[in-house]
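The values are calculated or read from the model by the stated rules, or taken from the named source; none is laboratory data. A quick note: this is a predicted structure, and the numbers were derived from the prediction, not measured. Note that we place each Cβ from the backbone using ideal geometry, even for glycine, and neighbour counts take in every protein chain shown.
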């Protein structure tokens, strides 16, 4: 990756370490979380969380069932469990 971020890849989808932390945090929730919740759980600044979530949503690893709230998809769960 051009930015020099460490990435992990499974089934053709790559994620950065921060994105993986976000997915792992969401995998342990019982419902959708907002950026602030994710930020507190991961230690990643909320502005960065918002940016990473946009990318994860584009990759189909998270979804937004309610405005400004996010949950992990089946594909996201598969990536973090593997």
Residues that are surrounded by 12 or more Cβ atoms within 10 Å (Cβ to Cβ) and modelled with pLDDT under 95, at least 2 per element: which strands (runs of 3 or more DSSP E) completely within region 1-71 meet that? 7-10, 13-16
Filter region 72-82 down to the residues that are touching a residue at least 24 places away in the same chain (Cβ under 8 Å) and touching a strand residue (DSSP E or B) at 6+ places or on another chain (Cβ under 9 Å), then identify the one that is surrounded by the fewest Cβ atoms within 10 Å (Cβ to Cβ). 82
